[in-house]
1. With respect to Arg285, is the statement that it is among the charged types (D, E, K, R) and closer than 29 Å to Gly412 by Cα true?
2. Can you tell me which condition Lys420 does not meet? The list is (1) out of contact with any Asp or Glu (no Cβ under 9 Å at 6 or more places or on another chain); (2) open to solvent by less than 40 Å² (accessible area, probe 1.4 Å), and all the others hold.
3. Does Ile244 meet the test of being open to solvent by less than 20 Å² (accessible area, probe 1.4 Å) and assigned to a loop (DSSP other than H, G, I, E, B)?
4. Against the conditions (1) of a type in the set (A, V, I, L, M); (2) closer than 30 Å to Asp48 by Cα; (3) out of contact with any Ser or Thr (no Cβ under 7 Å at 6 or more places or on another chain), where does Ile129 fall short? Just the number, please.
5. From the list Ile254, Ile241, Ile277, Ile269, which one is farther than 29 Å from Asp403 by Cβ, at pLDDT 95 or above and not charged (D, E, K, R)?
6. How many residues are within 13 Å of the chain's Cα centre (by Cα), open to solvent by 10 Å² or more (accessible area, probe 1.4 Å) and over 19 Å from Thr226 (Cα atoms) if we restrict to segment 170-184?
7. Are any residues in segment 219-277 under 18 Å from Ile139 (Cα atoms) and among the aromatic types (Phe, Trp, Tyr), and if so, which ones?
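The values are calculated or read from the model by the stated rules, or taken from the named source; none is laboratory data. All figures in this text were calculated on a predicted structure; none of them were measured in a lab. Here the Cβ positions follow ideal geometry from the backbone for every residue, glycine too, while neighbour counts run over all protein chains shown. For accessibility, only protein heavy atoms count, side chains too; no ligands or nucleic acids. Shrake-Rupley method; radii C 1.70, N 1.55, O 1.52, S 1.80 Å.
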Amino acid sequence: MKKIDTTVILFLFSFSLFAQNIEGKWQGLLKVQGTELTIVFNISQQNDSLVATMDSPDQGAFGLDVQEVSFENDQLILGMNMPPIQYEGILKSDGEINGVFKQGGGELPLVLSKNEVKKSNKKKPQEPIKPFPYLSKDIFFKNKTAGIKLAGTLTMPSEGSNFPAVVLISGSGPQDRDEALLGHKPFLVLSDHLTRQGIAVLRFDDRGTAQSEGNFNTATSADFKTDVAAAVDFLKTQKEIGNIGLIGHSEGGIIAPMLAAESKDVKFIVLMAGTGIRGDELLLRQSELIGRASGMKEEELETARAFNQGAYDIVVKSISQEKVKAELKEYLEASVAKNPELATANGLKEEVFVNQVLGQLTSPWMMYFLKHDPAKVLGKVDCPVLAIIGEKDLQVPAEVNLDAIEAALKEGGNKQFTVKELPGLNHLFQEAETGSPSEYAQIEQTIAPQAMEIMSEWILERVK
């Protein structure tokens, strides 16, 4: 569902005599689809080993674990499981590391330096510029269930009271309050539009991201639901706030119904590319659509689908994590032995590929996601629901998911819902040519005005 997903980093391999040259904060600019992303590797020595973490500040991700760290004969190797990232570079005499950043089968040059990097990126046209014609304040609130403090921004009209309010819920991966990704800040743009229309907005940094406390890497969608519940509780303490609703994008569109189904404090929900089918089915469809759009041959798509289906089935049917790890590892090793191109196509050695996929599929978040059936939750939602998906969304295909959402709501007896497929829009609700994720950064537009207008008009109609 979204974009560079996250957690990564750390340890092992023998400490070398050159460790004193490699310790420190190494920064570089990764040029991805016309956008510059700052990448930071923090390398240090602990006892007899080198350890590292990675930051992706533009995506609000910090302290991601790096599982493999090796530095010998001036060659630096960094390997991560979640997301599957590999970096290999050579330390040059000028103090820079010239290397290659690998992820998802793609390779991009990345030069690391201990000097601060300067980006040439400019603001996207839709990003609001201060001073704003409304109130904006940074706030903190407590999730008592998790025992963590979360940081966010609350925007409200400068005059009046009893405003309808929404909590924005981000998609998968650690996101900051602006849901920043690939040069865009969708939640900043959306909150500006909504507040100008008279709707208060609370957007916040995901747990363990930017200024929010907590551990993102061990959390599932159910845990994130408690963060959203805490945000709703905070809004209830604000005397200017009236009815409270939720707007969830992608994974956020899974979380919003989870809270709405159990909380009478949630008066309406908006699902932006929310899903209506189980996680394993969604990922199979997503992989096929994106693979075909990127030029994969049909036989390659069939091989990938069969491989993924087999792996997902093991996870979905699993009862204990230990048992699933053993069974899944056996399946992955047998699959790679039979089809070595599964690993080589991603530029990885077979053992590295097996370990990366094993780490991904047995993470708490992924195991929960693959098994979760949003239709069962939607059937329990009785508040008004707006579900919108872009016609060109390749990550959450519109027809199958909107049909599933509508069917689940009808079956549950909800008569206050609207489902809309928005022509020409992609997963980020940008006006797009193909809908491929490779376009996201290249498109100047952050969110199509028509999508924002549909949401604000629907909300205001519901709170009259």
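1. So Arg285 fits the description; yes.
2. (2) is the only condition that Lys420 fails.
3. So Ile244 does not fit the description; no.
4. With respect to (1) of a type in the set (A, V, I, L, M); (2) closer than 30 Å to Asp48 by Cα; (3) out of contact with any Ser or Thr (no Cβ under 7 Å at 6 or more places or on another chain), Ile129 is out only on (2).
5. Ile241
6. Count: 2.
7. Phe234
Residue-wise test of (1) free of Cβ contacts under 8 Å to residues at least 12 places away in the same chain; (2) under 26 Å from Ala210 (Cβ atoms); (3) of a type in the set (Ser, Thr, Tyr).
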site	(1), (2), (3)
Asn42	no, yes, no
Gln45	no, no, no
Leu50	no, no, no
Pro57	no, yes, no
Ser70	no, no, yes
Asn115	no, yes, no
